[in-house]
Amino acid sequence: MRIPLNNGGGHIPALGFGTLIPDAAETISATRDALEAGFRHLDCAERYRNEREVGEALQTGLAAWGIAREDVFVTTKLWNNNHRPERVEPAFDASLDRLGLEYLDLYLMHTPFAFQPGDEQDPRDQNGNIIYDNEVTLLDTWRAMESLVDHGRCRAIGPSDITLNELLPIYESARIKPAVVEVESHPYLPETELLEFCKKKGIVFLAFAPLGHGIKPGLLEDPVISRIATQVGKTPAQVLLAWAVQRGTAVLTTPKTLARAKENFDISAIPETALNEISRIQTRQRLNPVVKTGIPGFIPQG
Ligand SMILES: NC(=O)c1ccc[n+]([C@@H]2O[C@H](COP(=O)([O-])OP(=O)(O)OC[C@H]3O[C@@H](n4cnc5c(N)ncnc54)[C@H](OP(=O)(O)O)[C@@H]3O)[C@@H](O)[C@H]2O)c1
């Protein structure tokens with residue numbers, strides 16, 4: 001299933017494969033497996049430090065299964081140390097080079113937090129605190145990203161790890177409106193207000209950690225999810241992914257084996273009653289604090 005973008009003709013596959021995988025060899029095998037299973041949407045980031053491996057797997061995958069570049073939707077993200085406008089295009093070029101691509105389908109501002117500009121991705125002071133950059137605004141960075149679209153380097157842009165309050169001023173001032181907003185979302189963090197805003201404005205809401213990042217105990221063992229999975233003859237992961245797609249979001253998941261990639265790609269609609277039951281789950285839990293500080297929550301530090 002593909003969701004239309006507000007960029008004049010583009011579409012994003014609702015089911016995306018996330019490449020936040022710390023191990024290089026595992027990045028290559030998992031990305032190839034995801035392509036083999038049918039995923040045609042890859043979510044990357046310079047901060048994951050594995051764009052080269054993803055690019056390698058993508059090139060072999062395209063050749064092995066006769067897939068055209070245009071048939072794969074590729075996203076990568078600008079990291080916090082590159083928010084200064086003059087750093088945006090070089091960071092973009094470096095990502096493209098590592099991925100071995102000529103253009104990107106989507107370029108995201110990874111977080112709305114600017115860190116000290118420079119080569120250090122996590123610049124810290126003597127006390128170990130992150131050094132932020134107060135000399136650049138989100139709009140400055142956004143304008144530089146808009147110019148990448150103007151020059152045909154990427155087809156759409158968007159923010160990530162952003163709250164509705166932070167999104168509103170960018171949305172208002174943007175010449176090129178955000179096409180996608182990528183945030184953590186699952187039944188324990190439905191982000192309903194942000195989702196409603198996105199739907200109203202034609203922005204695709206792209207959910208990460210739909211399986212609760214695989215953290216146990218967690219969503220995959222939730223009694224409501226498990227009961228529905230048994231009822232519909234699907235796995236808890238398939239139920240969680242179906243819920244996300246049926247509520248109108250795109251979704252990113254990170255299976256690391258071919259069997260799991262096939263499982264996570266093989267989703268089908270669950271009944272309305274099941275959707276409503278999941279939406280009534282009362283547990284509330286944010287798993288990734290990146291939205292509050294810009295410091296990545298799921299990436300090993302150092
Ligand atoms: N914008 C941001 O700041 C941001 C932040 C976080 C993530 N993301 C993106 O979102 C992607 C997805 O996030 P996520 O990794 O948290 O997604 P997720 O799919 O919720 O969690 C992935 C974990 O779930 C487990 N898993 C996957 N399929 C399973 C299945 N069928 N049954 C049981 N367990 C399963 C795996 O655990 P095992 O380790 O056991 O294989 C895997 O590590 C990332 O790769 C990244 O691209 C973006």
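We did not get these values from a lab; they are worked out from the coordinates using the rules stated. Since the model is a prediction, treat every value here as computed from it, not as a measurement. Reconstructed Cβ throughout: ideal geometry from the backbone, glycine too, with neighbour counts over all protein chains shown.
Observations, loosely collected:
- For segment 148-302, the spread of Cα positions along each principal axis, largest first, Å: 48, 40, 30
- For the chain, the Kirkwood hydrodynamic radius from C-alpha pairs, put into Stokes-Einstein at 37 °C and a viscosity of 0.692 mPa s, yields a diffusion coefficient of 168 µm² per second.
- Here the relative contact order of segment 38-102, from alpha carbon pairs under 8 Å that lie six or more residues apart, stands at 47 percent.
- All lysines inside 23 Å of LYS201 as judged from Cα atoms, apart from same-chain residues fewer than 8 positions distant: LYS77, LYS177
- Angle in degrees between helix 192-201 and the longest Cα principal axis of the chain, rounded to the nearest 10: 70 degrees
- The dipole here belongs to segment 103-153: it is taken about the Cα centre, uses +1 on the Cβ of Lys and Arg and -1 on the Cβ of Asp and Glu, and is about 100 debye.
- Descending semi-axes in Å of segment 89-179, equivalent ellipsoid built from Cα gyration tensor: 23, 19, 10
- For the pair segment 181-238 / segment 1-72, the C-alpha centres are spaced 21 Å from each other.
- Compared with the dominant Cα axis of the chain, that is its longest principal axis, helix 51-65 is turned about 50°.
- With Cα atoms, 0 to 90° folded angle of helix 24-37 axis to the chain main axis: 50 degrees
- Reachable lysines, given that their alpha-carbon falls under 17 Å from the alpha-carbon of LYS262 and they are not under 8 places away in the same chain: LYS234
- Take the Cα radius of gyration of segment 245-302 and divide it by 2.2 N^0.38 Å, N being the number of residues; the result is 1.50.
- Quarter the surface of the alpha carbon convex hull of segment 40-118 and you get the mean projected area, 4.9 square nanometres.
- Projected label distance in nm at ARG284 and GLU89, using a 7 Å step from Cα toward the beta-carbon: 4.5 nm
- Rg and Dmax of segment 151-208, both derived from C-alpha coordinates alone, stand at 11.5, 40 Å.
- From the Kirkwood radius over Cα pairs of segment 116-229, Stokes-Einstein at 10 °C and 1.306 mPa s returns a whole-number translational diffusion coefficient of 95 µm²/s.
- A straight chain from THR137 to TYR103 at 0.36 nm per residue would run longer than the Cα-Cα distance by 9.7 nm.
- Selected from GLY233, GLY158, GLY18 as most flexible by GNM, with the chain as the system and alpha-carbon contacts under 10 Å: GLY233
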